[in-house]
Amino acid sequence: MKRTRIHAGIVGLVFKNGDYQRVITQGRHWVKFSERVSTYALNTPFHAPIALEVLLKDKALAAMLTVIEVKDNEIVLAYENNNFKHVLTAGRYTFWNNLIDYKFVRVDLNKIDITENISKALYSHVYLRQYIRIFEVAAYEKAIMIVDDAFVKILEHGTYHFWQNEQTIKIAKADMRQLQLEIAGQELLTKDKATVRINFYAQYKVTDIETALMRNKDYERQLYITLQLALRAFVGAYTLDELLEQKESIAEAVLKDVKTQASKLGVNVLHTGMRDVILPGDMKDIMNQVLIAHKKAQANVVTRREETASTRSLLNTAKLMEDNTMLFKLKEMEYVEKIADKIGEITVSGNGNVIEQLKDIFSVNK
């Protein structure tokens, strides 16, 4: 017989000729010379020196061990004293349950949702992040979640975590803010065959993300085509002059026309507007000539109107002077005063009527 000592935090397994005999714990023990003692620290996982099934037949030893079986489609998160330590993959693991408080969280990787009680702070842990997929949806976005090419649900803004497995996950996002679509440089024919280039815009919002992304392919492109065709139809129904005069009403008509079609795309068109109507160079020259001629005609009308008014005023004055001699004399003096303002010196003799002499002078000067 020989005496062996097992210290605190140590467990001894006694073997005889390679066969397991018993377990010994802290203290002094007598063992036979033919027996061998293997010691194991209680603060580390237990690695069985022989088949674990043989060792577990010893009830005393089995009570000291926790055996974790991890299947192929599972992982197990191991905690020591409430602190995460590592991930256990497929296999069998054995831990001493005397010294350290172990906790194990089993994860079924056949599912994608993380339903286990796991702190989100661990999602980025070096040991765990390889098993987790991360998707982010911005504050101004919504997204649809597609699993194995099947629609599952709509995701609001936030960060989403899913288990990594053979299932495919796709996230399609849509901007939920008010957006603007530009239809620039559209060359269109008016009713009178004039070619114009139009810059048009529309403001819209996505209202039904499932309709926009699942039931329509490239809803923005389809909305662009819808607006383009509506604009072409309305411009073709107006002459150039009507188009230039009724830009706002055409934009309102386009808005009303495309609203129903846009709703089928999961979109609500809020406002439309015609930014520019650009004419070709030769058309600009013609329009400028028309404008100049129009303005000249307006100026001539104003001039003739003023001349007519002036002539009518003179006629009325002449009639009054014809009936009133005193008024005639006053008018003569008024004109003499005006003429005198423009003459430096006038010589008048003392004989005869002064007014008559002045009339003779001015008539001679004329």
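Just so it is clear, none of the values below were taken in a lab; they were calculated from the coordinates. Bear in mind the structure is a predicted one, so any value in this text is a computation, not a measurement. Here Cβ is always computed from backbone atoms with ideal geometry, including for glycine, and neighbour counts include all displayed protein chains.
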If the viscosity is 0.692 mPa s and the temperature 37 °C, what Stokes-Einstein diffusion coefficient in µm²/s follows for region 1-52 when Rh is the Kirkwood radius over Cα pairs? 287
Which pairs in the list Lys103/Lys142; Lys32/Lys59; Lys71/Lys173; Lys191/Lys256 are over 32 Å apart, alpha-carbon to alpha-carbon? Lys103/Lys142; Lys71/Lys173
Amide H within-cut-off set for Leu270, under 5 Å, with H built and near neighbours excluded: Gln203, Tyr204, Lys205
Which loop trypsin sites (Lys or Arg not before Pro) in region 1-63, with loop taken from DSSP, have no more than 13 other Cβ atoms within 10 angstrom of their Cβ? Lys32, Lys57
Amide H contacts of Asn216 (H built 1.01 Å from N, under 5 Å, at least 5 apart or other chain): none
At R0 = 25 Å, FRET efficiency that the Cβ-Cβ distance of Lys111 and Glu69 yields, to 0.05: 0.85
Each label point is 7 Å from the Cα along the Cα-to-Cβ direction; what then is the distance between the points at His271 and Ala138, in nm? 2.2
Applying 1/(1 + (r/R0)^6) with R0 = 22 Å to the Cβ-Cβ distance of Lys153 and Ser119, what FRET efficiency is obtained, to the nearest 0.05? 0.35
Would you mind classifying region 179-279 by shape? Square roots of the alpha carbon gyration tensor eigenvalues, ordered a ≥ b ≥ c; an a/c under 1.5 is rounded, otherwise it is prolate if a/b is larger than b/c and oblate if not. prolate
